[in-house]
Structures are given as C-alpha cells and as structure tokens.
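The values are calculated or read from the model by the stated rules, or taken from the named source; none is laboratory data. Just so you know, these numbers come straight off a predicted model, no measurement behind them. Here the Cβ positions follow ideal geometry from the backbone for every residue, glycine too, while neighbour counts run over all protein chains shown.
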Amino acid sequence: MKTATARQRGVEHDIVQIPQAGEVAPYYEPQSNEVAVFEAAYKRRLPVMLKGPTGCGKTRFLEHMAFALNRPLVTVSCHEDLTSSDLVGRFLLEGAETVWQDGPLTRAVKAGAICYLDEIVEARTDSTVVIHSLTDHRRKLTIEKKGQEIDAHEDFMLVISYNPGYQTVLKDLKPSTKQRFIGINFDFPNEEVERKILVSEVPGLSQETAQQLVAAGRKARLLKDHGLEEATSTRALVYAASMMGAGLDPVAACQVAMVNPITDDPELAEALMEIVNAHFAV
C-alpha cells in the first residue's frame with residue numbers, strides 16, 4: 001500500500017492508498033479473534049476502539065485490516081494541541097481569497113476511507129466531541145464553520161486507539177464516548193506468536209536468537225510493576241533484532257533498543273541489563 005504524509009497547520013497524517021495489484025499485505029500475526037471482530041464491525045460500519053499498550057501491534061493490525069478490506073487508510077497521530085479544526089478543516093488565505101481546506105477526517109468521510117485517530121486521549125476534548133455524530137446511526141460530520149453536515153460515505157469507518165495504562169482523570173475518554181465503539185483489547189503476544197513476529201520482521205534472524213529475545217523481553221516486562229512506566233514492547237524486540245541483523249553485538253543491541261529508550265533511572269537500567277546479560281552475555 002502506498003503511503004503519503006500530509007501536513008495541515010500542525011496536524012500530520014498519513015494517507016494510505018487502496019492496495020495495488022501485486023502488493024503484499026502488511027504482516028500481522030493474529031492473537032485471538034480480533035480479525036473476525038473487526039471484519040464484523042466493518043460489515044455494519046460500526047466504529048472500533050483499539051485498546052492496548054504501546055508497541056503491541058495495534059497500528060500494524062489496522063494497516064493489515066485496511067489492506068485486507070481494500071480500503072484507503074488515513075492515520076492521524078493525536079497530540080495535546082490537536083483541535084477539531086485540525087481534523088475537520090479550516091478557512092485559509094490564498095492570495096486575496098479565502099478558501100476552505102478539508103481536514104483529514106473530512107477527506108476520509110467523503111472518500112469512504114478508514115480514519116484512524118491514534119492515541120485519541122492525547123487530543124483536546126473538542127476533538128473527541130466532533131466525532132460523536134459519526135459514531136451512531138446518523139453517520140454525519142458537522143462542519144460548523146461552513147454550516148454544513150456531510151453524510152459519511154457508505155464505506156467510511158472510524159477507528160480510534162489508546163493506551164489504558166496511561167489514562168488519568170484528565171486524559172481519558174468519557175464513558176459516553178467509549179460506549180459508541182466496538183472495543184478490541186490488545187496485549188503483547190504470547191511467546192510463540194512473538195517469536196514468529198521477530199523471525200518474519202527481521203530476515204535472517206535465527207530461531208534461537210528470537211527465543212532469547214522473547215525470553216528477555218518477557219522477563220523485562222515484569223519490571224513494569226516495579227518502577228518502569230513503559231513495558232518492553234514487541235516493537236522494541238523487533239528493533240533489537242534489527243540492530244543485531246545490522247551487525248551490532250547482541251548485548252549492545254538490546255541496550256539501545258530495550259533499555260535506553262524506556263528508562264533514565266540508573267537502577268532500573270542496571271536491572272534491565274542484568275536480564276539482557278543473563279540471556280546474551282557469553
């Protein structure tokens with residue numbers, strides 16, 4: 001699937017075109033019934049909420065499903081400055097004229113794309129309010145600045161994601177918003193699936209090394225309840241394997257991919273390195 005990156009006054013989003021003949025689907029290894037659940041939701045055009053820790057495969061899953069369903073995918077990375085205008089659109093000055101520019105959500109609504117609002121809780125409250133009319137029987141997008149209501153294309157689908165581990169009173173979705181979505185829970189894959197992912201993502205990676213990495217990662221995740229804010233993700237394991245594939249020493253590869261990015265605490269870093277050395281040091 002071809003990907004283009006667009007920017008509109010502070011909001012960056014990826015636009016993935018409809019798959020072309022001969023293209024290979026983004027690799028995804030199912031963990032449970034998430035594929036069947038998503039396909040059923042798409043048949044009824046019900047909005048979907050993906051919940052799970054960072055780096056567990058939520059975005060890759062959606063890329064895989066968009067390919068399988070032959071739909072373009074518009075991804076918006078949400079942040080604290082994201083406003084409803086960033087999503088819907090705004091009037092801009094072009095020379096002496098004022099012209100309207102659709103936002104990524106509006107373009108997805110019109111084109112029948114899947115619109116993915118990644119880490120939705122990071123966005124401002126007014127950004128979540130604007131999606132409400134798209135998540136019930138109305139399937140309409142209100143553009144207040146133009147005084148318009150747009151009927152969503154019959155193929156349009158809205159998907160959001162967030163990490164429940166980071167939710168707080170100030171940064172969480174309201175129950176009334178959550179109940180508008182079909183919810184799919186994600187977690188880090190089991191050992192067998194995670195080994196398959198590593199071997200598939202990193203050509204040439206041996207089964208033995210994949211097994212060592214997964215074992216170290218699962219051990220490191222136990223520190224999540226002992227001071228680490230972020231658990232060692234599957235993505236981090238893939239990065240470590242990739243660094244090894246590029247010729248870096250296994251212990252150094254694990255340090256730069258699995259230790260340095262997730263903690264600045266010397267004691268926690270030392271504890272993580274002990275786990276790494278136990279699995280890779282000669």
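With the requirement that a residue be polar (S, T, N, Q) and out of contact with any strand residue (DSSP E or B) (no Cβ under 6 Å at 6 or more places or on another chain), what does the range 87-138 give you?
So in the range 87-138, the residues polar (S, T, N, Q) come out as 98, 101, 106, 125, 127-128, 133, 135.
Answer for the range 87-138, where residues must be polar (S, T, N, Q) and out of contact with any strand residue (DSSP E or B) (no Cβ under 6 Å at 6 or more places or on another chain): 125, 127, 128, 135.
Here's the yes/no breakdown for (1) in contact with a Phe, Trp or Tyr (Cβ under 8 Å, 6 or more places away or on another chain); (2) surrounded by fewer than 22 Cβ atoms within 10 Å (Cβ to Cβ); (3) of a type outside the set (Ser, Thr, Tyr); (4) assigned by TED's automatic domain parsing to the domain that holds residue 120:
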residue	(1), (2), (3), (4)
37	no, yes, yes, yes
61	yes, no, yes, yes
70	no, yes, yes, yes
79	no, yes, yes, yes
84	no, no, no, yes
Q: Select from the range 218-256 the residues that are farther than 19 Å from residue 208 by Cα and among the hydrophobic types (A, V, I, L, M, F, W, C) and list them in ascending order.
A: 222, 223, 228, 231, 256
Q. Quick check, is residue 93 modelled with pLDDT under 95 and part of a helix (DSSP H, G or I)?
A. no
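Looking at the structure I just gave you, is residue 198 outside the structural domain of residue 38 (by TED's automatic domain parsing), within 19 Å of the chain's Cα centre (by Cα) and among the hydrophobic types (A, V, I, L, M, F, W, C)?
Values: outside the structural domain of residue 38 (by TED's automatic domain parsing): yes; within 19 Å of the chain's Cα centre (by Cα): yes; among the hydrophobic types (A, V, I, L, M, F, W, C): yes.
Considered against the rule, which asks whether it is outside the structural domain of residue 38 (by TED's automatic domain parsing), within 19 Å of the chain's Cα centre (by Cα) and among the hydrophobic types (A, V, I, L, M, F, W, C), residue 198 comes out as yes.
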**Q.** Where residue 142 falls short, out of the listed (1) part of a strand (DSSP E or B); (2) modelled with pLDDT of 95 or more; (3) hydroxyl-bearing (Ser, Thr, Tyr)
**A.** (2)
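In the range 96-134, how many residues are part of a strand (DSSP E or B) and of a type in the set (Val, Ile, Thr)? Explain how you work it out, then say what you get.
Filtering the range 96-134 down to residues part of a strand (DSSP E or B) leaves 97-102, 114-118.
Applying the additional criterion that residues be of a type in the set (Val, Ile, Thr) yields 98-99, 114.
The qualifying residues number 3.
Name the one entry in 230, 154 that is under 29 Å from residue 67 (Cα atoms), outside any helix (DSSP H, G or I) and either in contact with a Ser or Thr (Cβ under 8 Å, 6 or more places away or on another chain) or at pLDDT 95 or above (or both).
On the way: 230 fails: under 29 Å from residue 67 (Cα atoms).
Answer to the selection: 154.
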Q. Which condition does residue 117 not pass, out of (1) more than 23 Å from residue 177 (Cβ to Cβ); (2) at pLDDT 90 or above; (3) hydrophobic (A, V, I, L, M, F, W, C), if it passes all the others?
A. (1)
(Q) For the range 201-218: of the residues being closer than 23 Å to residue 260 by Cα and in a loop (DSSP other than H, G, I, E, B), which is farthest from the chain's Cα centre (by Cα)? (A) 205
Q: For residue 160, state whether it is in contact (Cβ under 8 Å) with a residue 60 or more places away in the chain, buried (at least 19 other Cβ atoms within 10 Å of the Cβ), β-branched (Val, Ile, Thr) and not assigned by TED's automatic domain parsing to the domain that holds residue 237.
A: yes
